[in-house]
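Below: one structure, written as structure tokens.
Only the coordinates and a few stated rules stand behind these numbers; no lab work does. Just so it is clear, the model here is predicted, and its values are computed rather than measured. We place every Cβ from the backbone using ideal geometry, glycine too, and count neighbours over all the protein chains shown.
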Amino acid sequence: MAIPYSLALVLLVPLVSAPIVYFLGKQMGKKVGWVATLPLIITLLLIASLAVELNGGGSYSESYSWAPDAGLTFGLLVDGLSIWMLITINVLCLMICVYSVTYMEHRFEEEEHHTGVPTPNSSYASYYALYLFYAVGMLGTVLTTNLIQFYLFYELMLVPSWALINNYGYGEKERIGMMYFMWTHVGAVILLAGILSSFWVTGSFEIAALAGVVGSPMAGWIAFAILIGFFTKMAVFGIHIWLPYAHGEAPTPISALLSPAMIGIGAYAATRLVIIPMFPVFATFSTVFSFWALLTMVYGGLMALAQDDIKRFLAYSSVSQMGYIFLGLASAAEYGVSGAIFHYVTHGFGKCILFGVAGILMSQVGTRSIKEMGGLADRMPITAVLCLLGFFTIGGVPPTMGFMSKFFIFSGTFSTALAGSTTQLLVAVVSIIMTVLTVGYSLWTVRRIFFGPLPEHLKDVKEAPLTMTLPLLVFALFSVIIGIYPKLVTDYLLPFLANAL
Amino acid sequence: MVDIISQGINLPLPLLMLLLGGLTSLMVGLLSERIGVAKLREVWMIIVSAATLTSIYYLNQSVQKAGVLVISIWGQLPPLGGCFEIDTLSIFMSGSIAVLGFLVALYSISYMEKESRLTEFYTLMTFMMAGMTGVVMAGDMFTLFVFWELMGLSSYVLVAFLKSKWGPIEAGFKYLVMSATAGAFLILSMAIIYGMTGTLNFAAIADNLRGAAVSPWIIALFSTLVVGFGVKSAIVPLHTWLPDAHPEAPSPISALLSGIVIETGLYALARVLFLTFDPGMFKLPIAFLAVLTMTLANVMALLQTDIKRLLAYSSIAQVGYMLIGLAAGTTYGFMALFLHIFNHSMMKGMAFLASGSIVHETGTRDISSLRGIGKMMPVTSLSLFIALLGLGGVPGTNGFISKYHLFSAAFGSGLGWLGIMGVLNSALSMAYYIRIMQVLLGSPKEGFKANEAPILMLTVTMAMAAIIVILGIWPAPLINFATSASQSLVEGLSTYIGAVLG
Amino acid sequence: MVPLEPFLVSVGLMFVIGLYSLMVKRDMVRILIGVEILFNSANLCFIALSTQVPGFVDPYAHSIVMMAIVLDGTVIAVGLAMVMNVYKHYKTIDIRKLRRLKW
């Protein structure tokens, strides 16, 4: 018994609130951040009610007609695959909104010091309005059933995040904003080319109709074109170049959304659009993809070890984690793919904690360079614990949920590898050994930042205010609870994928 | 099912209104100067455009009833005499012309306030719209040519309107010479058609010439037609007049030129090519021209520093996308072409109007010196932002809807490589649109001040921005209209022929 | 039947002369003369093709050519008005000296 129109409301509530937030923000200034959390709380309640209803399988969909003569329907679907994606995105957006209130205040103060111009209220207003648009884009991408609608939300994610980097980023924000936009946009138009070709093969724009592509001579090209769009978003090796710049120079709350929430949507989309409907086509590429995934994983890990700037370090770590997710997808097995989606959730919460910690360090300590930090555990105990938990989550240490997700991924990889060729087996073994890289860079960084002697210039560092640490504590709580009780997630994922594959 | 109305001089109602409106506008202008009432001629212009819009609506009803409406001009029945043949496609195009003309007329009340010779301005604008309406309603080649030249003449003078500066005159002269040459090519093509069939009537040509085997004369005909219509539509390499003409013309005229004059050229090309040749024949040459136009224009646009010149090159690139729809040659392809014609008129028209407001307030066209304009002219910048998103093909705007239809048509008719080139060019074009957006969103330099534009200009730009977003979210009615327009062209060919030849 | 070839040859010749004048000459008036020659070659082509119907000369083509001459004349008149304007301001009508708009 679900609330009627709940899916449409999930999209409409933030969309309609965005202009309201803008106008309120021009009056209220920085306090409007609290107002902006309201739509996200409403959507979270809606999604939670759907989650309760879906327990044990099944799906819930709504469909509205858009332009039926042109083959466009506006359909919204939530099932076992997407429910946890929605929950993750929503919780992340909500908590980061709370986090941004303090962080952006600090950021604008910094800029006032720099330029001497007081920050107008419209800066806060447009930040939160764009933030809500971004949230709608991400939620919409996960919910759609129609390919053109999917492309609409996919690009809708792009424009607000570009505007946010362009206006509120660090460093050469304009150049980097354009770099981010162009890379992802070129990937997206190749995706569009694939979608349009598939329309001529199957005659419909529905995602379910993509199964009809299998068997046509263009199937391989179409699958590849669609996948390129998602790979650019996921920043696999070779097309990853934009990620360290964009995530490094975006304002930290936005990095916290870009990295965990958005790039993983590429993985979800790959599952929904390619793996499930066009499974035979995808399975033929399995070996190549697992090799590519391993390359991404190792490259990200090694580059992360070499970084001094904490945000670029986390960005490369994201590249490496996307490699894990890609590995899970490449295995094309039930456990592997569900592990990949589960790892999206893990990485979402874990990386969010880490970017949050990075933001705390930037605002409290005043520097982004790891070299200049040290021994901060005394002064910032909560932050240190959070950082450790974050790294444990993505590193796969029990009792965090990272352990379960990695277990699933490797389970899937090995099940395919044992049934396949020796190259696949080799890739699987090497990838397990390479997990040591993740743990390595995590612990080394924690040691450098939080332990060891406290340098002179950091003697007055204080702990971060509650509004910044509370969201991160919420994430850590999720991580541990799901780690101990992974049934919460797997109950939805596994049955769905068992059926679909 | 068709009546051939022939009683003396008989013109379709919208055309009659525009022509009479133009003539009387001259007199009203002189009157207003004599009696000193300031806004009389502007109000007359608004009345004329609104009346035209209403008459198109009524004409549409007669066309829907009759299928195809044939109006012969001089009492001589076609195929001997000239005629107008009006089907849904003509209604679609004349509707686009009238809508954009009305909005631009509203805008220029405020924009051209301080200029002199306004009587000539409004008269010429009315005649230009009359010419365009005549072109889209023409039923034979010579009627098309007469109104084509009317449209051209008015636009030459309008481009060179601000004659105290050198720029407009050079641009106007270059435009005139190139367009006149194209006119000569058109006469040559008419001669070839006449030599081959003995008539210039479209229906008779479609009956006789269509599907003929490719011979040197057919190739000569095709090339002269492409050159003749291509100069006005700004197909590369015949586009060189456009980057000079559009920036130098006054902003409302740039909006009209970019928004609908070059599209009328494309309409004429589409109509004549479709009626004279089998689509399979011109698929590859037009596809080749499409790629050339898109790529060259996008690359040149990246190098521009003047905002109106950048928008002019962007128009050329958009013409390239429209040529993709023409190359596809199917009902779907033509539907995409006409849909994009209307959407582009809204988007590019509004982009020129909004940048016209900006230039009006700040006095400069250089992009880098306009940095931070978003903070000072928020409403205009928001409208310009939406127009640029639409031109780049970002979903949520009507530009995306028509662009994806164009690329889809390319994939559907076997020209997959053309579709890929199209999407990549679309992505490339975002690069220079983002450059303008960055300038809009940036922070202003010291001492840079500008006021928001006058309320009338604001209303027009906001209304067009609203149209862009609404049509992007709810495109169904427009898509239906464009589909019926394209069906009347492609599938209604036999009705078209039958209407005249019986 | 009047032989067609001489007509077509002269049309082609006039066409080339017109284009040459248009592209190469520096004087604005000469450019306009080139355009006019181009127009006339197209008109000549029309007349030439009208003689091909055996037995009589089709008046349709001639009426079209007369209207076309009027239109061409109007276009050239507007062009000459622009030339006069340029001369009044800048005392020269050499387009190479007056080309100021860049690429």
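Data overview
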item: Three-way shape label, chain A, alpha-carbon gyration tensor, a/c 1.5; result: oblate
item: Nitroxide proxy distance, nm - points 7 Å out along Cα→Cβ at B:I47 and A:K462; result: 7.3 nm
item: Alpha-carbon gyration tensor eigenvalues x 5, square-rooted, for region A:232-354, Å; result: 25, 15, 11
item: Rg [Å, one decimal], Dmax [Å, integer] - the protein assembly as shown, C-alpha atoms; result: 32.6, 112
item: Alpha carbon convex hull of region A:146-257, volume per residue in cubic angstrom; result: 92 Å³
item: Peptide-level mean, for B:165-172, of C-beta atoms on other protein chains within 10 Å; result: 4
item: Percent RCO, i.e. relative contact order, over region B:110-213, from Cα pairs under 8 Å lying at least 6 residues apart; result: 22 percent
item: Nonlocal Lys pairs with alpha-carbon distance under 23 Å, region B:4-501 (8 or more apart, or different chains); result: 27
item: 5 angstrom amide H check on B:S72, placed H, neighbours 5+ away; result: B:I5, B:F84
item: Helix-only CD estimate at 222 nm, as mean residue ellipticity for chain A, using -39500 (n - 2.57) per DSSP H run (n ≥ 4); result: -25000 deg cm²/dmol
item: Region B:4-501 - percent relative contact order, Cα under 8 Å, separation 6 or more; result: 15 percent
item: Evaluated over region B:107-195, the Cα radius of gyration and Dmax, each in Å; result: 15.2, 52
item: Fewest-first sequence of A:D491, C:D94 by Cβ atoms within 10 Å of each Cβ; result: C:D94, A:D491
item: Relative intensity, log₁₀ I(q)/I(0), of region B:250-397 from a Debye sum that treats every alpha carbon as a point, q = 0.12, 0.17 Å⁻¹; result: -0.52, -0.94
item: Per-residue ³J(HN,Hα) for region A:166-177, Karplus 6.51 cos²θ - 1.76 cosθ + 1.60, θ = phi - 60°, Hz, x for Gly and Pro; result: 4, 8, 10, x, 10, x, 7, 4, 6, 5, 6, x
item: Rg over Rh, two decimals, region A:99-200 (C-alpha only, Kirkwood Rh); result: 1.09
item: Cα gyration tensor shape for region B:58-158, rounded if a/c is under 1.5, else prolate or oblate; result: oblate
item: Degrees, to the nearest 10: B:331-362 long Cα axis against longest axis of chain B; result: 30 degrees
item: Cβ-based exposure ranking for A:M234, B:M129, B:M300, B:M430, in which fewest neighbours within 10 Å come first; result: B:M300, B:M430, A:M234, B:M129
item: Proximal aspartates and glutamates relative to A:K30, as straight alpha-carbon distance under 16 Å, when same-chain residues fewer than 8 apart are discounted; result: A:E105, A:E109, A:E110, A:E111, A:E112
item: Relative contact order, percent, region A:1-143 [alpha-carbon distance under 8 Å, six or more residues apart]; result: 41 percent
item: Rg/Rh ratio calculated on Cα atoms of chain B (Kirkwood radius); result: 0.96
item: Nonlocal amide H pairs with A:G75, under 5 Å, H built at 1.01 Å; result: A:Y64, A:T145, A:N146
item: Integer Hz, Karplus 6.51/-1.76/1.60 couplings in order for region A:234-243, x for Gly and Pro; result: 7, 6, 6, 4, x, 10, 9, 4, 6, 5
item: Alpha-carbon centroid distance for the pair region B:231-307 / region A:325-368, whole angstrom; result: 48 Å
item: Whole-Hz ³J(HN,Hα) from phi, Karplus 6.51 cos²θ - 1.76 cosθ + 1.60, for region B:83-98, glycine and proline x; result: 8, 9, 10, 10, 10, 4, 4, 4, 5, 4, 5, 5, x, 4, 4, 5
item: Amide H partners (placed H, <5 Å) of B:T330, local residues excluded; result: none
item: Part-to-part distance (alpha-carbon centres) for region B:439-468 and region B:85-161, which is given in Å; result: 27 Å
item: Chain C shape via C-alpha gyration tensor axes, a/c threshold 1.5; result: prolate
item: Kirkwood Rh and Cα Rg combined as Rg/Rh, region A:285-501; result: 1.02
